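Every number here is computed from the coordinates shown, using simple stated rules; none is lab data. All of these numbers come straight from a predicted model, not from anything done at the bench. As a convention, Cβ positions derive from the backbone with ideal geometry for all residues, glycine included, and neighbour counts pool all protein chains shown.
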Ligand SMILES: Nc1ncnc2c1ncn2[C@@H]1O[C@H](COP(=O)(O)OP(=O)(O)OP(=O)(O)O)[C@@H](O)[C@H]1O
Ligand SMILES: [Mg+2]
């Protein structure tokens, strides 16, 4: 089953043409990487897929739904914005409960919160206010928030940026684990090591245009390199 | 869903530290009120320092000096001028000098001269209030003196001094007649029973408004708004949840604040004798006014939310309550100085389109049985709120909430108009 289908997607912000016609497909259960330098249009693309930005042109389908069926799509996706923060005055646990409330029709509330607690690894710190958390703790809370609802599709915009190796690895392993359990992931990243480790397939975009894509292994063979960082430099640089 | 957002807003905005600081302010205000009310009481019961030096020493000057001495704490005339001077410089009081030739002047039809030197403690309201007491003493003593001078002309009928009695029979204002009352009493009765409303409205607006605006700023800064927008709920629910949530927090905070403010105000008005209750408003009047306040609050809060949408982050959100408070100040002052009926048409329109005018004017209209005006105000505010909220929901459905750009673009190709 195709989880995401994007065809000729275009988006401009005034004079800036952020997406100049992007195509890709993501199969169910895959971890798909959207890769590209700063300003390539990754976040814009993910925001359109998460229904919060409108597209100018092209077609986007999420599972069986057209992107215009926002409410249906929102029920099965979960989106983690780039550089997201949390409500600082809330306790971690209340933060999880607040967002779990919205999915009560989809899943049992208590199960969701239990899952959130487990994923976050924050244990008793969940009873503290979020303003007392470190950056890594906030990120774990946010990832827990987005995965506790067991979405069919998780859209994560740079989920590990700014985190240390331990925290980043924890989150990567978590994503892998959830993918095995059936969640489809679309992840954006700059970190080629992460992409190498995490993604089944990637799409390299630059300046709003597709430049290269495919299975990580195949790409390495095609360019005869040992890591994708070199591919990145070859095609973008 | 709406309730979930409301309860989150309350949890997020009503933190322990804000409540504690509010309570502290409230208590401080209350105790200032108590302090001022005590010093006012002192004024009424206290005798004052009056030193009278009678240089004339005649029967007529004696009447004046004795009458004045009656109001003094002690008889200072036995003490030396220098010691009295030093004493009054530290405390307060008046030194009265009755000039030599006082009686003679009066007897030849001229005015007798009395010199007064004032010693005041300061220039605050209550420092000056003490001068009122002196003025009163002077007035009473003068009357005493006049009575006695009349006696020397063999007129014993005191009525000559005040022969006319003016009786306020009725006042006709805005088609309504009030019996046995002076315009001044009418005015102050009306003021006493209605002037708390603008204060309540300003308080609610400033409290709730800043809550909503900063919560919008925070949501943008932390990208929680983006997350919220991907939740399976209608955007109307987010908008309403924010408005009502901010309103609830504002009402709670304003209630704490009002408690202190009420005690503070009591300090100023508590001792004034309660004026005749001309018309006590009934439950229906208060219900209408309450409804009017509530709807204008909703209108104000939707305005704040709209402004909050334009804020990029928490910091830039902070100053945005100002335009809304100014909007509330306009009708507050306009209606303080003039009646709605007596201002000119452009101003009338201005007052009418500002949502906060209606609750401020409500009780005054009801006082004159102008129910229609109150109904119109309520209808107007309801429409204002609905239309503005509809407008905000529209904006929530555009990219603007996320990008902060291109709010009013017309995209003809896609037939996607904003309006
Ligand atoms: N709100 C906006 N207003 C105007 N231009 C924007 C806006 N958001 C994005 N852009 C522009 O669109 C282009 C793509 O931006 P986008 O954020 O999608 O890039 P990105 O690939 O996520 O970059 P990064 O790796 O730095 O996060 C950039 O040129 C950016 O300047
Ligand atoms: Mg980005």
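Assorted remarks:
- Note on residue A:64 and residue B:191: with the Förster distance fixed at 51 Å, the Cβ-Cβ geometry gives a FRET efficiency of about 0.15.
- Helix B:16-45 axis versus longest C-alpha principal axis of chain B: approximately 20°, rounded to the nearest ten.
- Share antiparallel - DSSP beta bridges, chain A, percent rounded to 5: 55
- Counting only DSSP beta bridges with both residues in the stretch A:107-231, the antiparallel share comes to about 55 percent.
- Pairwise label distance in nanometres, residue A:25 with residue B:115, each label 7 Å out on the Cα-Cβ vector: 11.1
- Relative packing of A:226-235, B:160-169, which averages over residues the other C-beta atoms within 10 Å, highest first: A:226-235, B:160-169
- Relative contact order (percent, whole number), chain A, Cα cutoff 8 Å, 6+ residue spacing: 27
- Label-point separation in nm, residue B:286 to residue B:83, each point 7 Å along Cα→Cβ: 6.0
- Sorting B:353-364, B:332-343 by average packing, meaning the other beta carbons within 10 Å per residue, from highest down gives B:353-364, B:332-343.
- Only beta bridges with both residues in chain B are counted; by DSSP, about 65 percent of them are antiparallel.
- Normalised contact order of the stretch B:45-161, rounded percent, pairs of Cα under 8 Å and 6 or more residues apart: 28
- Take each residue of peptide A:83-96, count the partner chain Cβ atoms within 10 Å of its Cβ, and average: the result is 4.
- Relative to the longest principal axis of the Cα atoms of chain B, helix B:2-13 runs at roughly 50 degrees.
- Contour minus Cα-Cα distance for residue B:347 and residue B:161 (0.36 nm per residue): 62.1 nm
- Inter-chain Cβ neighbour count for B:371-380, averaged per residue, equals 0 (cutoff 10 Å, partner chain atoms only).
- With contacts taken as Cα pairs under 8 Å and at least 6 residues apart, chain B reaches a relative contact order of 20 percent.
- The packing ranking, built from the mean of other Cβ atoms within 10 Å per residue, places the peptides B:286-294, B:240-248, B:367-375 in the order B:240-248, B:286-294, B:367-375, highest first.
- Look at the Cα gyration tensor of the stretch B:54-106: its axes a ≥ b ≥ c give a/c of at least 1.5 with a/b over b/c, and that counts as prolate.
- Modelled this way, with points 7 Å down the Cα-to-C-beta line, the labels at residue B:310 and residue A:104 are 3.7 nm from one another.
- Note on A:97-108: average number of Cβ atoms from other chains within 10 Å of each residue's Cβ is 4.
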